[in-house]
């Protein structure tokens, strides 16, 4: 079996050598090994060593030696040159800029698995791969600001010297035919150039580390990546694309998805980054400057998702498992389900999932949810995101959400929590390298006697850098005795253009250093640049605290890396403290063992800094051990293994419940088992099974004579115990079946049970508890009833039913009912009740009492009667039902036979949805009565 992992970016990309050869592929020479960090010389400030390859994801400058001119962009505001140079990203002047071979985190060629990949969940912008020679992203077609013309391209003419292009289909290459502007020469240049496969920078580093470590551990024996190259490809000739795709598939187990540049730009830069990403992180783009809702790029999102689905379906073979990753591909599960109905599909969201109130602001909200629900298993980082997703589906799609997943009419989709972490084995290997040890010594010496707080974030509105700096400023003002003893090193990598945010952060940084710096001390080192990976490892190893103030974040693996590096491998044990935003997924992993803070509460963050610096070693060690245990429990290998095993299990369960997989009931075989049995228990549903559905408001309730006759014949046999179950109230059930003697009754979906030959009803629900929750729920239902013309509320003894089937505005009533269900399930969950949407109604009932609990009581009575009368216990069990409320009884009966509580058990459904019943009857009520009428004759040979 092959695991197909679909992610927007492949782990590999292509580097072109345009000044070499033609139409030939260059052999991949191993990259030059990075030079070790220099030893600290007296009187000299250590700098990052020169390398012939980029050592980081972001090239910020070139440093040749201590005395040479510095070429650097974005100097740290208010920082000294020494502080800049300690962590400066040194990049040598490559002799051949066209043949640079970047390995930002390892010197291992891509043909071998890299030791580690950056764990940041999100990559640089498309086309920003550094030190690679690739086609550049030229001015592309922008989505039209008019929704009526959302497929018509608009060329950003003011950003280019190209002439305006007439309106054409959105997928047409904007450069075709513009020979005088060099498009043809560019195409020929890249198509004739030699090229090599390189490790890509774009993509989810945490996912790649998880896959690599799982392959090493043997959890993933056969796997294939599916994704794009992360670069513009329109200028490549068809034969070049085919050669690249063939080599990636044969040598790197990677299937390439090619889409034209305009579609990718509309998908990634417009829909994903402008619309999806902000909304999923609680930033609804409704401010006056936002252009998000003038950006009608939905069509591009659909096209790219369809390209992924088509590519996967073409490669898929029966038995393969498909894992679809992250918010870029939300539509792929449903698209793939349509192409491959029997496929085993899992979807995992690496970022946060917002509350329903935020998610419903998205225009294509239903399409996105329905796309995700094409999967068999949907995974999230935390239980909070799971709950938000379930509530959102309940409210927007009007479906039943349970604690285990989503119940659709035709199938069930499981939802679970699978927090991703880091790979401890690879981290141990990487930390023992010489360059890390040297950088540890450098930082130790430079900041000897100081307490270090470190932080590494992208300059993004959701990372909370501004809140962090303001909290640190408050700390310095509140505790002036620490002003010359503590240093905050903030690494800030810029990936998007947010000049206002950058200016604000720079102003705060300059103010802090202006007010609190001395000739010998600078309290804030603000580095608007990224670090080499060895520098980053050394920094989190020697730090006294890590401070993360993200406003929203799916997980945050930086916190896991910091905890793992605080074991004191380089001398004195540090046991550094973790200051962590409560709005990150990692907060649920670490719990109160981290110093959880609200980033907007500057006073709380200030006090957390003080606590982190003043804890004694005993307390630090105790807390660190708990954090370290959590890191090991949530490793990458555990994540892959857990998701893989859960996906296999739920797919097996769902496949067994598919109506196409449920065989038709063999009536002759059932009758023969009935005849051979000595004592029988039969539980049959009423409405929809023994009789057609009637109106709940009917004053005169009657049971068809054929059903009365059939039940009478069955109960006349002393070896038969027959029960009829229904959602109706006890008094209604008595009127319906007063003509049948020796008949047991189950009313209100299991809340009441009456034995045969008895006039007393047994309450299974708690009367006092029912009265408690009914008052609260009644007020909610009354509110929604008043807003829905034609609706009414039915009060039963143990449940409430909101009927809206006769409402004048049926679609509007359904939306209000879904909102009502979501409100009840959220506000009244502590009462142990839930709201279940059914056709034209909403039923509110207790969670603990079902038809299964009533059936369990009936079975216990049968066993007690057998012991009392010294007769055999029932060896034949038959359960027949037709809707979702009968599924708990099917599940109970099947488990009873597996536990050998009964010799033979048959569960039968009349519905056309996914079911746990063993067989199905297609003739409806008529088929049920015809089957039951054959039993008396089978047990009485003389009658034959």
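The values are calculated or read from the model by the stated rules, or taken from the named source; none is laboratory data. None of these values were measured; they are calculated from a predicted model. When we count neighbours, we look across all protein chains shown, and the Cβ atoms used for this are built from the backbone with ideal geometry, even at glycine.
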**Asked** Are any of the residues in the range 803-823 in contact with a strand residue (DSSP E or B) (Cβ under 6 Å, 6 or more places away or on another chain) and more than 22 Å from residue 403 (Cα to Cα)?
**Response** yes
**Request:** Hey, can you tell me all the residues within the range 785-816 that are part of a helix (DSSP H, G or I) and either farther than 26 Å from residue 769 by Cβ or modelled with pLDDT under 90 (or both)?
**Result:** 786, 810, 811, 812, 813, 814, 815, 816
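Looking at the structure I just gave you, is residue 671 at pLDDT 90 or above, in the same structural domain as residue 756 (by TED's automatic domain parsing), in contact with a helix residue (DSSP H, G or I) (Cβ under 7 Å, 6 or more places away or on another chain) and surrounded by fewer than 19 Cβ atoms within 10 Å (Cβ to Cβ)?
Details: at pLDDT 90 or above: yes; in the same structural domain as residue 756 (by TED's automatic domain parsing): yes; in contact with a helix residue (DSSP H, G or I) (Cβ under 7 Å, 6 or more places away or on another chain): yes; surrounded by fewer than 19 Cβ atoms within 10 Å (Cβ to Cβ): yes.
It is true that residue 671 is at pLDDT 90 or above, in the same structural domain as residue 756 (by TED's automatic domain parsing), in contact with a helix residue (DSSP H, G or I) (Cβ under 7 Å, 6 or more places away or on another chain) and surrounded by fewer than 19 Cβ atoms within 10 Å (Cβ to Cβ).
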**Request:** Using the structure shown, decide if residue 266 is at pLDDT below 95 and out of contact with any helix residue (DSSP H, G or I) (no Cβ under 7 Å at 6 or more places or on another chain).
**Result:** no
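Here's the yes/no breakdown for (1) touching a strand residue (DSSP E or B) at 6+ places or on another chain (Cβ under 9 Å); (2) on the phi > 0 side of the Ramachandran plot; (3) in a helix (DSSP H, G or I):
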| position | (1), (2), (3) |
| --- | --- |
| 501 | no, no, yes |
| 504 | no, no, yes |
| 509 | yes, no, yes |
| 512 | yes, no, yes |
| 519 | no, no, no |
| 530 | yes, no, no |
| 540 | yes, no, yes |
| 546 | yes, no, no |
**Asked** For the range 268-278, does any single residue satisfy the condition of being in contact with a strand residue (DSSP E or B) (Cβ under 7 Å, 6 or more places away or on another chain), in contact (Cβ under 8 Å) with a residue 40 or more places away in the chain and buried (at least 20 other Cβ atoms within 10 Å of the Cβ)?
**Response** no
**Request:** Take the range 296-338 and flag every residue that is surrounded by fewer than 21 Cβ atoms within 10 Å (Cβ to Cβ), farther than 16 Å from residue 224 by Cα and in contact with a strand residue (DSSP E or B) (Cβ under 7 Å, 6 or more places away or on another chain).
**Result:** 337
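Okay, residues lined up against (1) more than 21 Å from residue 850 (Cβ to Cβ); (2) surrounded by fewer than 21 Cβ atoms within 10 Å (Cβ to Cβ); (3) in the same structural domain as residue 730 (by TED's automatic domain parsing):
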site	(1), (2), (3)
786	yes, yes, no
790	yes, yes, no
800	no, no, no
807	yes, yes, no
812	yes, yes, no
821	no, no, no
825	no, no, no
828	no, yes, no
**Message:** If I ask for residues that are touching a strand residue (DSSP E or B) at 6+ places or on another chain (Cβ under 7 Å) and either assigned to a strand (DSSP E or B) or under 27 Å from residue 804 (Cα atoms) (or both), which ones from the range 752-781 would you list?
**Reply:** 752, 753, 754, 762, 763, 765, 773, 774, 777, 778, 781
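Being modelled with pLDDT under 90, touching a helix residue (DSSP H, G or I) at 6+ places or on another chain (Cβ under 7 Å) and either assigned by TED's automatic domain parsing to the domain that holds residue 475 or under 26 Å from residue 355 (Cα atoms) (or both) is the requirement here; does residue 564 meet it?
Values: modelled with pLDDT under 90: no; touching a helix residue (DSSP H, G or I) at 6+ places or on another chain (Cβ under 7 Å): yes; either assigned by TED's automatic domain parsing to the domain that holds residue 475 or under 26 Å from residue 355 (Cα atoms) (or both): yes.
No; evaluated as a whole, the condition is false for this residue.
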**Request:** Say whether the condition of being at pLDDT 90 or above, touching a strand residue (DSSP E or B) at 6+ places or on another chain (Cβ under 9 Å) and surrounded by 14 or more Cβ atoms within 10 Å (Cβ to Cβ) is met by at least one residue in the range 691-704.
**Result:** no
**Complete:** Residue set 853, 912; condition farther than 24 Å from residue 671 by Cβ and in a loop (DSSP other than H, G, I, E, B); output residue 912
**Asked** Would you say residue 888 is within 23 Å of residue 670 (Cα to Cα) and either assigned to a strand (DSSP E or B) or modelled with pLDDT of 90 or more (or both)?
**Response** yes
**Message:** Being touching a residue at least 60 places away in the same chain (Cβ under 8 Å) and outside the structural domain of residue 388 (by TED's automatic domain parsing): is that true of residue 591 here?
**Reply:** no
**Prompt:** Under 7 Å by Cβ, and 6 or more places apart or on different chains, what pairs join a residue from the range 389-400 that is more than 20 Å from residue 813 (Cβ to Cβ) with one that is assigned to a loop (DSSP other than H, G, I, E, B)?
**Reply:** 389/353
**Message:** I'd like the full set of residues that are touching a helix residue (DSSP H, G or I) at 6+ places or on another chain (Cβ under 6 Å) and at positive phi, limited to the range 764-801.
**Reply:** none
**Filtered residue count, the range 189-239, keeping only those that are more than 20 Å from residue 427 (Cβ to Cβ), part of a helix (DSSP H, G or I) and touching a residue at least 40 places away in the same chain (Cβ under 8 Å)** = 5
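Here is a yes/no grid of residues against (1) under 28 Å from the mean Cα position of the chain (by Cα); (2) touching a residue at least 12 places away in the same chain (Cβ under 8 Å); (3) over 30 Å from residue 635 (Cβ atoms); (4) buried (at least 22 other Cβ atoms within 10 Å of the Cβ):
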| residue | (1), (2), (3), (4) |
| --- | --- |
| 479 | no, yes, yes, no |
| 502 | no, yes, yes, no |
| 512 | no, yes, yes, yes |
| 532 | no, yes, no, yes |
| 545 | no, yes, no, yes |
**helices (runs of 4 or more DSSP H) lying entirely in the range 564-666 (those with 3 or more residues that are surrounded by fewer than 17 Cβ atoms within 10 Å (Cβ to Cβ))** = 602-614, 617-633, 636-657
**Request:** Taking the options 868, 895, 873, name whichever one is touching a helix residue (DSSP H, G or I) at 6+ places or on another chain (Cβ under 9 Å) and outside any strand (DSSP E or B).
**Result:** 873
**Message:** Return the residues of the range 210-226 that are surrounded by 16 or more Cβ atoms within 10 Å (Cβ to Cβ) and out of contact with any helix residue (DSSP H, G or I) (no Cβ under 8 Å at 6 or more places or on another chain); say none if nothing qualifies.
**Reply:** 215
**Prompt:** Which residue out of 354, 341 is under 17 Å from residue 4 (Cα atoms) and either more than 12 Å from the chain's Cα centre (by Cα) or assigned to a loop (DSSP other than H, G, I, E, B) (or both)?
**Reply:** 341
**Item:** Check on residue 861, without any contact (Cβ under 8 Å) to a residue 60 or more places away in the chain and in the same structural domain as residue 681 (by TED's automatic domain parsing)
**Value:** no
